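Colleague: Quick one: the structure is below, and I'll ask about it shortly.
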Amino acid sequence: MTATGLERTPEIKKVTPELARHMEELWKTKPGLFGFLGTTDHKKIGIRYLVTAFAFLVAGGIEALVMRVQLAQPNEHLVGPAAYNQLYSTHGMTMIFLYALPILSGFSNYLWPLLFGARDMAFPRMNALSYWIFLASGVFMYVGVAMGAGPNDGWFNYVPYASLPYNPGLNEDFYSLGMIFYGVSTTVGAVNFVVTFLKMRAPGMSVNRVPIFTWGTLTASVANLLVVPCVSLAFLMLWLERQFGFHFFDPGAGGQPILWQHLFWMFGHPWVYAIVLPAIGMVSDGLPVFCRRPIVGYTVVSLATVATMILGFGVWVHHMFADGLPSLALSFFSGASIIIVVPSAVSVIAWTATIWTGRPVITTAFLFFASMIVLFVIGGVSGFMTGSVPVDWQLTDTYFVVAHIHYVLIGINLFPVVGGIYFWFPKFTGRLLDERLGRWNFWTMFIGFNLGFLPMHLSGLLGMPRRIYTYPAGMGWGWVNMVTSIGGFLFAIGVALLLVNIVISLRRGQVAGPNPWDAPTLEWSVSSPPPSYNFAVIPKVESRHPLWEDRLEEIEGHTRVAEGPVLDHSKEALTTTILDADPDLIMKMPEDNVAPFILTCAMSLGFTGLLVHLWWMAAAGGVLSLVSLAVWLWPSRRLAQVSGAPL
Amino acid sequence: MTEVLAKPLPVGPYDRRGNSWWGVMCLIATEGSLFAYLLFSYYYFDFQLPSSWRPDEHPKFLLSAPDSVILLISSVFVWLGERAIKRGNRAGASLGLFSGAALGIIFILVQFKEWADKHFTPGSSPYGSIYFTTTGFHMAHVTAGVIALLFVGVWNQLGYFDRERHAAIANAAIYWHFVDAVWVTIFFTFYITPYLW
Amino acid sequence: MMHWAGGTPMTYLYGFGAKAYPVVWLTWALLGLSIFVCLIFAILVPWGVMARKSRSVFGAITTEPVSRGPHAVHWITIGVALTVVALTASVVGTVAVLAKVSHPGAGRPLTIEVTGEQWWWKVRYDSDSPDQMFWTANEIHIPVGRPVRVKLMSSDVIHSFWFPALTGKTDAIPGQTNVTWLEADQAGRYRGQCTEYCGLQHAHMAMELVADPPARFEAWRQGQLRNAAEPATPQAMHGQAILVKSCGACHTVRGTLAGGTTAPDLTHVMSRRTIAAGVLPTTSAGLSAWIANPQAVKPGTKMPTLYLSGPELTDLRTYMETLR
């Protein structure tokens, strides 16, 4: 080993029990409250994201069930209009923001370093921060809900109804400030994913060898960096207008209500791709494992992921087709909204071809991944129909769109997520989920979901508008809604079965080894659950399917996981170059640190002060935030950020 | 194939190699988008409303032009400061960083004077709202940049950085240049376009 | 005669009038294509699973060997090519139909102005001469076979104007005027509803459109132009006095001192089939229920509770029943 100036040659060693113990000592989370609040272990943070997002899923689900009881028949009186309007708005906010992205962040956080052969994410402390802010902003918004001041203008929050004259309570203030707060979590998380993808992959994992799941999260993250500021700005403008009489949206003063719609949907449309593309990636990686072959068309499927998002930046006006915009604009956005079907078709055909040219082994995970293909097609074609302007003028704001959004969100997010839970649960916990209960889980969810939401296309085509707390008799909607409500409850039982399976299997599930599915990617090369340091030595990757190399004809050498650079002077990780993943730097990784937690508390204080107009509290929150940041960013010898640091 | 892995590797970030550089690049992408949307809103009002949406008197250059030059010069100082530390010149680096910060503070003070001289408030009209929100956001970013430059200058004085280890200076510098570049687009939008159409 | 065949008055799977027919055709074409594609994959995927499934089971997955599998990327190429053909046809159809329905056809259009309010529709029949202009609410009458230009405005939040059987949705946005058009080629009664969430009672903001043969429409129009009939009985006269005092601040009854403009014009309220934007029928019971306790019928409505005594309510209702 030479140590000159800044450099060190990494030692190459074999994995041994002594090395494992040494690495565990270096990397394990400190015990007690300090460790709980200060951990930067991406696996712990990932589990927190999953659990918290699931809790919000259950909350949003309960909100939905109340609505389904109210709508099962005409003229019901379970809830009045004020309560119903908060229910449907809170349901949307909860599912789209507090469940759909964070659940994928949870999987991404846990899996990415393992998939990449890395020890952690690029920014472990920022990783912790993104979780704490997600939790704090979700709690912030739900405090409003609990106070009867939940959002009441839909998740999309159109003005002028969201403005002060029509909405004088705190509902919109909780929502506006809560969303700005939440936006910080998403942005911080996105930065982490982008830089991790660029710099933290194991040597040899060039960009054409990464799992498709990571393409999905990367694409979503780049998009989020570019569009989250748009919605944060919109909510800030609304908040300023409501508190201080600014004029952005109020028509009486020259404000433009449609400006809100542009700002919201320029964010909103890329966002809905951000909440499905990683899940699509999960299917692209998981389905082939059970088909016992690599996916058909890795390159086009990866490109299709990116193409979907790029096109997704250019379609936002399709949410505004009824606004009275000029025909030329409508035609352009209609065309783009129809073309965007093409990359989706690529993935669907690739999966179907993988099934047909593989040898599917039917497991619960496989059932969720395979059924998703059909649900994707149904959700995709209903979306395609709304892309045609004259047809959309009939479909928009009816239950047809509600059917569409649930097929894409439940079909392309939740079903892959549940498949992912069955697939990766053994890796996270060391135990398999019960397979028989899994089959009950799958069929109840699948039948319940389709029973609930397939008829919704019909109630939409029969003209039932959205966002109505009740409807009259004689419209032909009654029986369809009853079927939907029954399906909804059956679907909820299915979700409950998942939770039961998780609880039971945590204790009594069959013990899993490192690779119960004989899967090809790197996370299956470490123990279940993985050690805190992930890899005792840094792997050298030679193909897309490291653990299948002996069975697929590979041209280059063999991926090495049993011997490699050990990087054990402290918590250390290897960064590599962007395209080809050649070794670049030895990074010193941070110890457990409570600054992210403290910063979140400071920001919570600040946002609370803004909410209740206690400006001293807001200022205090701001100052404390700055102080926490300064402490966090203070150059550290241990992280080799100052001259003369040890190597 | 252990050859690739057996060569010496740098430990820790140095100059611009390291994760934090890419992190600041992502930050610039996201904050740049924010300003893009602010300007989008301005142009949206400009195209939707009659030209009377803007005050009759076009924005003045008397204060704003020199102020812009001050900001651009501050970037030069910061760039010189970064160049100094790359050559191991700690004192030069501090000089550049603190001068940049000082000019940034002057920029902010002149901007406050411009604000005070305006005949409209944020609550007067959409123009007032978008003007103060946009320039206010920019001022907040300048303030953050000044704080960053000051911290980094102090850290430099404490001897933390040398010709290799100065990632914080590189990060603060590129952030400062970004804030500068954003000002050019804001200046063009608010001060120049009223004369163009 | 109601066009509510089969009890589905809000469907747009069939329609009436020059604006509706091209869109119905396109809707069915895209729906057919969509169902076809769904069936393809709903068959292909389970069939593939059953046809190709391994004998290996959960727990013994390694007994099914891994292999590279046959080359299959060309299927993606074929599928994408077919998709592009279908999508191109859809785009062409979309643009063609959009062009066709953007402007009304031949015939001098009748122009009406509709203003969305929380939670009812203010309707104004415009004319070149001011004495031919009148206001009504929630129920629109048009002559069969003549295009109708609808100018849409809002006095508060965003609403959306929709008669599924006749025309697609167009939003009514405060601060701007949107223009749409429709035409009915069959006489009858059509139902519409607000389809942009506008607050508490968005669910109860319906409207009706009556398409009449031209002669009947003209008779209706002449009737609407007349001022309210003079009350003949003492009860009705008392009722008129109550209306002017309690209701005149918001409602107008032409020919009386009631001149408010923030609530529906009641001059010919009895000529409309429903009140409160489709919530109650315009019968004695309906009127009484609404006036006695509007919050119970439509919680959150802007109509205040009047706290009239029983006899006052009866007299008011008696007068209102003369407003035909």
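The values are calculated or read from the model by the stated rules, or taken from the named source; none is laboratory data. Just so we're clear, the structure is a prediction, and the values are computed from it rather than from any experiment. Every residue, glycine as well, gets a Cβ built from its backbone with ideal geometry; the counts of neighbours run over all protein chains shown.
Colleague: Considering only strands (runs of 3 or more DSSP E) fully contained in segment A:528-589, which possess at least 1 residues that are more than 8 Å from every other protein chain (Cβ to nearest Cβ)?
Modeller: Hits in segment A:528-589: A:563-565, A:572-576.
Colleague: Of everything in segment B:118-143, what is free of Cβ contacts under 8 Å to residues at least 24 places away in the same chain, surrounded by fewer than 22 Cβ atoms within 10 Å (Cβ to Cβ), of a type outside the set (F, W, Y) and part of a helix (DSSP H, G or I)? Give them in sequence order.
Modeller: Passing the criteria: B:G128, B:G136, B:A140.
Colleague: Identify the single condition in (1) touching a helix residue (DSSP H, G or I) at 6+ places or on another chain (Cβ under 8 Å); (2) outside any loop (DSSP other than H, G, I, E, B); (3) not acidic (D, E) that C:P231 does not satisfy, given that it satisfies every other one.
Modeller: (2)
One line per residue, one yes/no per condition, for (1) within 30 Å of C:D185 (Cα to Cα); (2) at pLDDT below 95; (3) crowded, with 18+ Cβ neighbours inside 10 Å:
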position	(1), (2), (3)
C:M207	yes, no, yes
C:A219	yes, no, no
C:Q222	yes, no, no
C:L225	yes, no, no
C:A249	no, no, no
C:N293	no, no, no
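Colleague: Output the residue which, of all residues in segment A:33-57 that are surrounded by fewer than 17 Cβ atoms within 10 Å (Cβ to Cβ) and without any contact (Cβ under 8 Å) to a residue 60 or more places away in the chain, is nearest to the chain's Cα centre (by Cα).
Modeller: Across segment A:33-57, the extreme among qualifying residues is A:V51.
Colleague: Still on this structure: Taking the criterion of being within 9 Å of chain A (Cβ to nearest Cβ) and at pLDDT 95 or above, would at least one residue in segment C:116-126 satisfy it?
Modeller: yes
Colleague: Given the criteria aliphatic (A, V, I, L, M), buried (at least 16 other Cβ atoms within 10 Å of the Cβ) and over 33 Å from the mean Cα position of the chain (by Cα), does A:L585 qualify?
Modeller: no
Colleague: Is it true that some residue in segment A:240-255 is among the charged types (D, E, K, R) and closer than 30 Å to A:S543 by Cα?
Modeller: No; the residues of segment A:240-255 include none that is among the charged types (D, E, K, R) and closer than 30 Å to A:S543 by Cα.
Colleague: Would you call A:T470 hydroxyl-bearing (S, T, Y), closer than 30 Å to C:S160 by Cα and assigned to a loop (DSSP other than H, G, I, E, B)?
Modeller: Yes: the conditions hold for A:T470.
Colleague: Starting from residues that are out of contact with any Pro (no Cβ under 9 Å at 6 or more places or on another chain) and within 14 Å of chain A (Cβ to nearest Cβ), keep the ones in segment C:251-288 and report whichever is surrounded by the fewest Cβ atoms within 10 Å (Cβ to Cβ).
Modeller: Within segment C:251-288, the match that is surrounded by the fewest Cβ atoms within 10 Å (Cβ to Cβ) is C:P281.
Colleague: Can you name the residue in segment C:9-23 that is surrounded by fewer than 20 Cβ atoms within 10 Å (Cβ to Cβ) and at the interface with chain A (Cβ under 9 Å from one of its Cβ atoms) and is also nearest to A:I373 (Cα to Cα) among such residues?
Modeller: Filtering segment C:9-23 for residues that are surrounded by fewer than 20 Cβ atoms within 10 Å (Cβ to Cβ) and at the interface with chain A (Cβ under 9 Å from one of its Cβ atoms), the one nearest to A:I373 (Cα to Cα) comes out as C:L13.
Colleague: List pairs: first residue in segment C:54-72 and under 15 Å from A:P520 (Cα atoms), second residue among the hydrophobic types (A, V, I, L, M, F, W, C) and crowded, with 18+ Cβ neighbours inside 10 Å anywhere in the structure, Cβ distance under 6 angstrom, at least six positions apart or on different chains.
Modeller: Pairs found: C:I61/A:V361; C:I61/A:W517; C:E64/A:V361; C:V66/A:W548.
Colleague: Sticking with this structure for a sec: Checking B:L49 against (1) in contact (Cβ under 8 Å) with a residue 40 or more places away in the chain; (2) crowded, with 18+ Cβ neighbours inside 10 Å, which single condition isn't satisfied?
Modeller: (2)
Colleague: Can you tell me which residue within segment B:9-56, out of those that are within 16 Å of the chain's Cα centre (by Cα) and of a type in the set (S, T, Y), is farthest from A:A573 (Cα to Cα)?
Modeller: B:S33
Colleague: Please work out if C:P130 is more than 26 Å from A:G254 (Cα to Cα), surrounded by fewer than 21 Cβ atoms within 10 Å (Cβ to Cβ) and either outside the structural domain of C:A276 (by TED's automatic domain parsing) or hydrophobic (A, V, I, L, M, F, W, C) (or both).
Modeller: So C:P130 fits the description; yes.
Colleague: C:T167: over 30 Å from C:T318 (Cβ atoms) and in contact with a Lys or Arg (Cβ under 6 Å, 6 or more places away or on another chain), yes or no?
Modeller: yes
Colleague: Could you check, for segment A:488-511, whether at least one of its residues is surrounded by fewer than 21 Cβ atoms within 10 Å (Cβ to Cβ) and assigned to a loop (DSSP other than H, G, I, E, B)?
Modeller: yes
Colleague: For segment A:637-647, check the following and say yes or no: at least one residue is in a helix (DSSP H, G or I), surrounded by fewer than 21 Cβ atoms within 10 Å (Cβ to Cβ) and in contact (Cβ under 8 Å) with a residue 24 or more places away in the chain.
Modeller: There is no residue in segment A:637-647 that is in a helix (DSSP H, G or I), surrounded by fewer than 21 Cβ atoms within 10 Å (Cβ to Cβ) and in contact (Cβ under 8 Å) with a residue 24 or more places away in the chain.
Colleague: Counting only residues that are within 9 Å of chain C (Cβ to nearest Cβ) and in contact with a Lys or Arg (Cβ under 9 Å, 6 or more places away or on another chain), which one in segment A:291-304 is surrounded by the most Cβ atoms within 10 Å (Cβ to Cβ)?
Modeller: A:C291
Colleague: Could you check segment A:462-484 and list, in sequence order, the residues that are surrounded by 20 or more Cβ atoms within 10 Å (Cβ to Cβ) and away from chain C (no Cβ under 14 Å)?
Modeller: A:T484
Colleague: Scan segment C:258-285 residue by residue and report those that are of a type in the set (G, A, S) and either closer than 25 Å to C:F134 by Cα or in contact (Cβ under 8 Å) with a residue 40 or more places away in the chain (or both).
Modeller: C:A258, C:G259, C:G260, C:A263, C:S271, C:A276, C:A277, C:G278
Colleague: When the residues of segment C:295-316 are narrowed to those that are among the polar types (S, T, N, Q) and not in a helix (DSSP H, G or I), which ends up surrounded by the fewest Cβ atoms within 10 Å (Cβ to Cβ)?
Modeller: C:S309
Colleague: Here's another thing I want to ask about it. Output the qualifying pairs, or none if there are none: Cβ atoms under 7 angstrom, residues six or more apart or on different chains, first residue in segment A:540-554 and over 20 Å from A:V15 (Cβ atoms) and among the aromatic types (F, W, Y), second residue part of a loop (DSSP other than H, G, I, E, B) and at pLDDT 95 or above.
Modeller: Note: pairs meeting the criteria are A:W548/A:P520.
Colleague: Taking the criterion of being closer than 22 Å to B:S41 by Cα and under 21 Å from the mean Cα position of the chain (by Cα), would at least one residue in segment B:61-77 satisfy it?
Modeller: yes
Colleague: Moving on. How many of the residues in segment C:268-292 are part of a loop (DSSP other than H, G, I, E, B) and over 20 Å from C:G199 (Cα atoms)?
Modeller: Count: 5.
Colleague: Would you please name the residue that is nearest to the other protein chains (Cβ to nearest Cβ), looking only at residues in segment A:248-276 that are within 14 Å of the chain's Cα centre (by Cα) and not aromatic (F, W, Y)?
Modeller: Checking each candidate, the answer is A:P270.
Colleague: With the condition being among the hydrophobic types (A, V, I, L, M, F, W, C), I'd like the strands (runs of 3 or more DSSP E) fully within segment C:112-211 carrying at least 2 qualifying residues.
Modeller: C:120-125, C:134-137, C:139-143, C:148-154, C:159-163, C:178-182
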